[in-house]
Amino acid sequence: MSAYIDQFPEEAKVIRSAFYASFFALALGAAFGLIQTLHRTDFVRIIPAEMYYTVLTAHGVLMVVTFTIFFLVAIFTWAVTTSLDRGVEDIRFTWSWYGLMTLGTAFAAIAILAGFTDRTEISADVLFTFYAPLQAHPMFYVGLVLFVIGTWLAGADWFRSWWAWKQENPDKRIPLPTFMVLTTMIMWYLATLGVATSIIAFLLPWSLGLIDTVNPTLTRTLFWFWGHPVVYFWLMPAYMMWYIMLPKFSGGRLFSDPLARVVFVLFLLLSTPVGIHHQYLDPGIAEGFKFIAMTNTMFLLLPSLLTAFTVVASMEHGARQRGGEGYFGWLGALPWRDPVFTGMALAGLMFAAGGFSGMINAGMNINYLVHNSLWVPGHFHLTVGTAVALTFMAVSYYFIPQVTGRRLASKQIALVQVVMWFVGMTFMSNAMHRGGLLGMPRRTAEPEYAGFQFETAIGTVGELNAQIALGGVLLTLSTLLFIVNMSITALNDRDDDLPSNTIPEPLSGPNEAPLVLDNLKLWTAIAVVLVIFAYSLPLASIVERGGLFGPGGDAFPMFLELADSFGFALVGETLSAMVSSLLETLRTVV
Amino acid sequence: MNIHNYEKLWLIAAMLLIIGFIVTITYGSVGLGIAMIDDSEETIDPNALEDHERFGDLGVHQTGDGEYDVNIRAYQFNFEPGSSALGVHDPIVVPENSEVTLYVTSPDVIHSFSVVGTNANTMVVPGEISVMTVEFNEAREYGILCNEYCGSGHHGMEGVIEVVPEDEFHLFSVAGVDAPESAQAGDEVEITATVDNDALDADSAAVSLEIGEETFENELEVDAESSASTTFTVDTGALDLEDAVDIDWTVTVEDGSEATLEDGSASGSIALETDDDENDDTTDDDNDESDGGDQ
Amino acid sequence: MSSDADALERHIGHDEFDPVGTLALIGIYFLILLLMWLFMYFVEFLGNDLTVVGMI
Ligand code: HEM
Ligand SMILES: [Cu+2]
Ligand SMILES: [Cu+2]
């Protein structure tokens, strides 16, 4: 019965370093976020318009690559060591992947930030999606590759721990937190194949001048092959916190361990074969493939909807154990004065709203309405920007004392901080959603046009902009409070009565879960098959159309023939033609 | 596995919701015929758009009764036609109650073509052609913008679609003008304008000639997809020439589309002779169609 | 943190616990999702001018 730092002092150092890297990225990212909100709403413009895109690239990469993933590796390491009750196998290996991730981030960040000065040719104003033919300096791509390899090794580290544990405990169920880590990492290995191929085979050689052209649709599709599952990579650590920590902070226990396992298996299976839903409005991809991606995406809602029930039920269990009564009265019995609980609960509430706008995004044809409008950042600031980010900040108030052994500087400021984030995000994201419906574009420095105006049914454009700016300012202040609180905590004096690092037993334990759920090989195989089903045909058809290295005179026909000789392209065309013509036929019939 | 009854209930509700969503979308797709941007067009060499049969001929073309194709090039940082670039206001002009198919491609990076506040919205990817068919049922103006980051000038990438009443829409262009190169003050000169009608119906063109300070107007019936000529006879003696050395003239045909502004008018000048023995040699003032707009 | 088991008024096991509050909340969420979906699809989307139609 002791705090994490006493159980695993060596691991605590790595985890601490990962948290600090993550917070550093958050702080910088928030500063850029503030510049963006004030610039695009025309309240304060301290940079020339062209520089907005350098800022936006930095904001995107720092937030969704550095902040989220460094945080993830920290709590995944915590989860594996705590739930297996053993340290990592070799701490030098652990430090090496941490080092690689840091080096990768530094490379990418230098390439991006160099865009601010004219003293060097280096720049990477390509946003975090780096769609070709926009090109970044090779250092940017190298940085991303190093970072991803770092995460691969981190995964290897956790698998290695599990493997060693399994030798000693052959008949035990995989503890739930470790199970969550392993399934998430399998998904990650599968997903990163897309972006790794895109960068290593195409974008990096292209930026080095080894090849002349790339196929923009191919690199874009490979990006989204990874780009959708990556959102679950951000979300899974937050889900893990909701499943295993939120019940603890509510004074209850996880409602059902088996269902939690089912949910993570579903994410492993369904996260990847859906990426084409980001390309509903792309030319060069058959309607049939888009329809298939749409149905897969809709079924991917299921694990999230199940999570909503299980997590709320666990909170309710806590509330009732604390004396809560009635249909809704129990909500009052929850520990709302605890910033860890409140932050997570508010994050979950915002996820419910973000989930809804995500359902709209998923709806193939309704995507015409919202695609690339301000609605989209409105959506993902609720999901990754709050459900994930706010959960992370909230649990940090628990974890930082655990891994430093220091006293939390201020619980009151922490409570103000999480509520302020919630309020700020309510303003910013609501106005972004509404602006998007008017047709306001995302990723635009100065969305003010000479030839037309946005037509509002209710309110005015000025009012929307004011809400976005106000929300952005509150969010930045909230981040500032967080960073200050965490910094003081890290330097605070030792806390000798930290709560012990335990995870309470679920109400319905792992032994209720069918054994097959722990069969990772089986789920991996099914996940691979589903990805092959969903992607081999679209990819073959894209290569068939545009060539591996782009359409037109610049393509290398040799590779085209290769794709043909596999007979892939032919099958691909036939299948997509079948689904498309089915839709067409139905259309004529109706 | 022990699942609580309430949770089972929620599982069923969640599945129904998911199926409901899929059904709604399928209804939109099949029942209402909302098509997705797809792979129906061949790929195109982004470095050679001018050689492409469609993108070598940008602008509005009639393809059937009330049906039009518009070929649009989206490039850093304009739409052609659509944007006001290099001082030329070049909106896309189409008639009311028409079914218009927009073909958009890019010679450089990824853009979008998005009609503001509507459901007409597509990515534009170099090497691919995006096709959208939409119905314009109301005479009004729409904004167009690019909503995919395409470089440092991305925020300035905008344009306009003008939907005009049917009777104000024409596809005329001035194919050529025959005017004397020089004349003597007091002479009568003949200026012949040839007008092309690209529409699939015969239409009467209001052709006007501005010469000196005067304006003349001729009504000209032009058959579908063909050309016709009209001749203006001008008595230079009646013009208020003061002591000019040239008489400037401009022939304009009333055209729905300002997009073809350059084709819609032709101008030149007639040198005023003081010397008696110079001939009235008439040369063809060459006004070949330029391929729509500025480059 | 407030997870101290001593702070609890009672202990409720799996079989004694019916999450009625959760059912009520999630029922409301279900209705919101349904109504908002219908609103977004049929009013905001289909009510919008200019829709891309099939070419047959
Ligand atoms: C201080 C708080 C924040 C503020 C004020 C803020 C503000 C903004 C704004 C205004 C944009 C839209 C820019 C545009 O499309 O023109 C944006 C984009 C974005 N934000 Fe944030 N944000 C904040 C926090 C976060 C967090 C916590 C995350 C994720 C963990 C995040 C992820 C992103 C991403 C991925 C983009 C899109 C970048 C792109 O389009 O390439 N933001 N942010
Ligand atoms: Cu996605
Ligand atoms: Cu653009």
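The values are calculated or read from the model by the stated rules, or taken from the named source; none is laboratory data. On a predicted model such as this, the values are computed, not experimentally measured, just so you know. All Cβ positions, even for glycine, are placed from backbone atoms using ideal geometry, and neighbour counts span all protein chains on display. Just the protein is used for accessible areas: all its heavy atoms, side chains included, with ligands, DNA and RNA removed. Shrake-Rupley method; radii C 1.70, N 1.55, O 1.52, S 1.80 Å.
What to note about this one:
- Solvent-accessible area of the protein assembly as shown (1.4 angstrom probe, protein heavy atoms only): carbon and sulfur portion equals 58 percent.
- Nearby lysines by direct alpha-carbon distance to A:LYS248 (threshold 20 angstrom, same-chain neighbours under 8 apart not counted): A:LYS411
- Selected from A:PHE341, A:ALA196, A:ALA154, residue furthest toward positive end of dipole (chain A; charges at beta carbon): A:PHE341
- 16 Å reach of a label modelled at B:ARG54, 7 Å along Cα-to-Cβ, counting backbone N of region C:23-56: C:53-56
- Computed about the Cα centre, the dipole magnitude for region A:4-558 is approximately 480 debye when only Lys and Arg (+1) and Asp and Glu (-1) carry charge, each at its Cβ.
- Placing unit charges on each Cβ (+1 for Lys and Arg, -1 for Asp and Glu) gives region B:46-168 a dipole about its Cα centre, and among B:HIS61, B:VAL104, B:VAL164 the Cα reaching farthest toward its positive end belongs to B:VAL104.
- Candidate lysines for bridging to A:LYS521, where Cα separation is under 23 Å - those fewer than 8 sequence places away on the same chain excluded: A:LYS166, A:LYS172
- Sparse-neighbour loop sites [GluC sites (Glu not before Pro); region A:399-481; at most 13 other C-beta within 10 Å; DSSP]: A:GLU455
- Rough spin-label spacing in nm, given labels placed 7 Å along Cα→Cβ, for A:GLU448 and A:GLN167: 6.7 nm
- Maximal additional length on extending the B:ASP65-B:THR192 stretch stands at 42.6 nm, based on 0.36 nm per residue less the C-alpha distance.
- Residue mean of other protein chain beta carbons inside 10 Å, B:107-114: 4
- Dipole magnitude of the protein assembly as shown about its Cα centre (Cβ charges: Lys, Arg +1; Asp, Glu -1), debye to nearest 20: 12340 debye
- Structure-based [θ]222 nm, the protein assembly as shown - -39500 (n - 2.57) summed over DSSP H runs of at least 4, per residue, nearest 500: -15500 deg cm²/dmol
- Peptides B:25-31, A:53-59, A:270-276 ranked from most to least packed, by the mean per-residue count of other Cβ atoms within 10 Å: A:270-276, A:53-59, B:25-31.
- Measuring with a 1.4 angstrom probe and ignoring ligands and nucleic acids, A:VAL142 comes out at about 50 Å² accessible.
- Accessible surface of A:ASP125 - all protein chains present, 1.4 Å probe, nearest 10 Å²: 40 Å²
- Relative to the dominant Cα principal axis of chain A, helix A:176-197 is inclined by about 20°.
- FRET E, pair A:ASP497, A:VAL528, Förster distance 60 Å, beta-carbon r, rounded to 0.05: 0.80
- For C:34-42, mean number of other protein chain Cβ atoms within 10 Å: 5
- Bins of 5 Å from zero: percent of alpha-carbon pairs in region B:143-226: 3, 10, 15, 14, 11, 10, 10, 10, 8, 5, 2, 1, 0
- Shape class of chain A from the Cα gyration tensor (axes a ≥ b ≥ c, square roots of the eigenvalues): rounded, since a/c falls below 1.5.
- Each peptide in A:178-187, A:523-532 was scored by the mean count of other Cβ atoms within 10 Å over its residues; highest first, the order is A:178-187, A:523-532.
- Here the label points at B:ASP248 and B:LEU16, each 7 Å from Cα along the C-beta direction, are separated by 7.5 nm in the simple model.
- Projecting the Cα positions of A:PRO273, A:TYR131, B:SER267 onto the charge dipole of the protein assembly as shown (unit charges on Cβ atoms of Lys, Arg, Asp and Glu, taken about the Cα centre) puts A:PRO273 furthest along the positive direction.
- Pairwise FRET efficiency - A:GLU325 versus B:ASN5, Cβ, R0 = 25 Å, nearest 0.05: 0.75
- Placing +1 on the Cβ of every Lys and Arg and -1 on the Cβ of every Asp and Glu, with nothing else charged, gives chain B a dipole about its Cα centre of roughly 3800 debye.
- Between amide H atoms placed 1.01 Å from N, distances below 5 Å from B:SER84 occur with B:ASP90, all of them 5 or more places distant or on a separate chain.
- The largest accessible area among A:LYS290, A:LYS411 belongs to the first residue in A:LYS411, A:LYS290, and the rest follow in falling order (1.4 Å probe, all chains).
- Per residue accessible area in Å² of region A:4-558, where ligands, DNA and RNA are left out and the probe is 1.4 Å: 31 Å²
- The C-alpha atoms of chain A define a longest principal axis, and helix A:68-84 lies at about 50 degrees to it.
- Angle between chain B longest axis and helix B:5-26 axis [Cα atoms, degrees, rounded to 10]: 20 degrees
- Taking every alpha-carbon pair under 8 Å whose residues sit at least 6 apart, chain A reaches a relative contact order of 19 percent.
- Model label points for B:ASN97 and A:PHE299, set 7 angstrom from Cα along the Cα-to-Cβ axis, are 4.8 nm apart.
- Efficiency of FRET from Cβ geometry, C:GLU44 and A:GLU463, R₀ 30 Å, rounded to 0.05: 0.95
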